[in-house]
Structure formats: C-alpha cells, structure tokens
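Beneath this line is the structure, given in structure tokens, with notes to follow.
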Amino acid sequence: MEKATDNNRHMLLNAACRLFHTHGSSIPLHEVLRAAEVSEAQFHQVYQSKDELIAEVAERQMDRILAHLEPFVSKMEKWEDLGIWREGIMRLTEITGLMGCPVGIIAMDASPSSERAMQSVQRALTRFARLHVKALGKLKDRGVFVETFEPRRAVQFAGAVIQGALLLSRAYQDQRYLERNFGTFLSYLETFRAKPAA
C-alpha cells in the first residue's frame, strides 16, 4: 500500500507540475487526475485537498530552480562574477521553457483565501530571496558595493524584474525580455558599485 501511495504521489506531482506550469493551478483537479492516471480515491490517500497538492508543487518547483541557480550564485566573489549570475538567470528557461516561472504562475493563480497554497508560495519565494541576499551580501562584505547598498532591497527588485521578464517571455514567446530586463537590473546594481581604491 505504501509503495502504491508513493507511486501515486510521484505521478500526481509530475502531472501537477507540468499542468500548473502550462495552464495555471486553477486547472480542474480532474484534469490533473486524468494526466496522472490516478483516481480521486487514490488522490485522497495522498493529499487532503488540491491546496495541499498546490503547496507541494510550489516547493518542488522552487527546489528545481534553486538547484539550477545555486552553482552559479555560489561562485560570485567579485564584480565580474555577476556575469556568472546573469548566465544562470538566462539559463532558467532550460527549466521553465518560455512558460514563465512555475512558482510565479501558482502565485498569480492561487486564491488568497487558500492559506496553505499562499504560504507555500511565500516560503518558496523567500528561499529564492535568501540565496541571492546571501550572495550579494558576500559581495558587499568584500567591498564590491558601497556601504549604502542594501542586498535585500536589490533582491526584491531582482525578483520583480525576473518574474516580470519571465511573464513577458511567456506572453511573447521571446527570451529577449529576460535578457534585456536582467541587463537593466545589472545596470541598476552598477550604480552601487564601489570605486576601486586608488
């Protein structure tokens, strides 16, 4: 029984990740069940509600995004390494395609009254922010940025830029929105770049 439940969870998660990303999390549950080849009774052996499934999908999708970005972000030691970060961001479409951010789509689609789903989305986005705040904070500590630079504020801006650019890339099926907008964000960071000691 436990093995069958684990298999059903796996099939449900895979189907929900794919369908929520392409159609949004408001897609009817029966569509997810059909794609997963799982009955409603089998679904309820794994999840108490669709909101619980949405919450797990948001966490899983962010796991994939962070696993992709972490190797790029962890290499940032000096100003020139922001190019490594840029490469990681540009390569996000290897995970998302031109379908937008899978967590952002859930955030747009989930009902604010769905407390569990919204909390999961917030946790996922907070994990994204933490990774980047830490990396930019390390650069600030190394003297890359001026003292007034606020990594947390910069990451909030980066998150908005990335989410918006991925949304535009989805709408127009064109990755150049991500390239241009993240380039604009890097130009913003340049305004906080510390001048080299003379």
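The values are calculated or read from the model by the stated rules, or taken from the named source; none is laboratory data. Note that this is a predicted model, so its numbers are computed, not measured. In this analysis, Cβ positions are derived from the backbone assuming ideal geometry, glycine residues included, and neighbour counts consider all displayed protein chains. Accessible surface is based on the protein model in full, side chains and every heavy atom, while ligands, DNA and RNA are left aside. Shrake-Rupley method; radii C 1.70, N 1.55, O 1.52, S 1.80 Å.
Numbers for the structure displayed
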read-out	value
All positions within the range 1-40 that are among the aliphatic types (A, V, I, L, M) and buried (at least 16 other Cβ atoms within 10 Å of the Cβ)	Met11, Leu12, Leu13, Ala15, Ala16, Leu19, Ile27, Val32, Leu33, Ala35, Ala36, Val38
Top-ranked residue in the range 173-198 [being of a type outside the set (A, V, I, L, M) and open to solvent by 90 Å² or more (accessible area, probe 1.4 Å); ranked as modelled with the lowest pLDDT]	Pro196
Val46 being surrounded by 18 or more Cβ atoms within 10 Å (Cβ to Cβ) and under 20 Å from Phe182 (Cβ atoms)	no
Cβ pairs under 6 Å, 6+ apart, first in the range 179-198 and more than 25 Å from Leu167 (Cβ to Cβ), second not β-branched (Val, Ile, Thr)	Phe192/Phe145; Phe192/Phe149; Ala194/Gly143; Ala194/Phe145
Number of the exception - Gly104 against (1) assigned to a helix (DSSP H, G or I); (2) touching a His at 6+ places or on another chain (Cβ under 9 Å); (3) farther than 30 Å from Arg142 by Cα; (4) touching a residue at least 60 places away in the same chain (Cβ under 8 Å)	(2)
Helices (runs of 4 or more DSSP H) (entirely within the range 1-93) containing at least 3 residues that are under 18 Å from Leu131 (Cβ atoms) and either among the aromatic types (Phe, Trp, Tyr) or modelled with pLDDT under 95 (or both)	50-73, 82-90
Filtered residues of the range 43-82 (kept if of a type in the set (Gly, Ala, Ser) and more than 16 Å from Lys138 (Cα to Cα))	Ser49, Ala55, Ala58, Ala67
Members of the range 109-128 that are in contact (Cβ under 8 Å) with a residue 12 or more places away in the chain, within 13 Å of the chain's Cα centre (by Cα) and open to solvent by 30 Å² or more (accessible area, probe 1.4 Å)	Arg123, Leu125, Arg127
Matching entry among Glu70, Glu80 (being open to solvent by 20 Å² or more (accessible area, probe 1.4 Å), under 17 Å from the mean Cα position of the chain (by Cα) and not polar (S, T, N, Q))	Glu70
Residues of the range 83-100 that turn out to be open to solvent by 10 Å² or more (accessible area, probe 1.4 Å) and either in contact with a Phe, Trp or Tyr (Cβ under 8 Å, 6 or more places away or on another chain) or under 19 Å from Thr184 (Cβ atoms) (or both), as a count	7
Qualifying residue in the range 154-164 (condition: out of contact with any Pro (no Cβ under 9 Å at 6 or more places or on another chain), over 30 Å from Gly97 (Cα atoms) and crowded, with 18+ Cβ neighbours inside 10 Å)	no
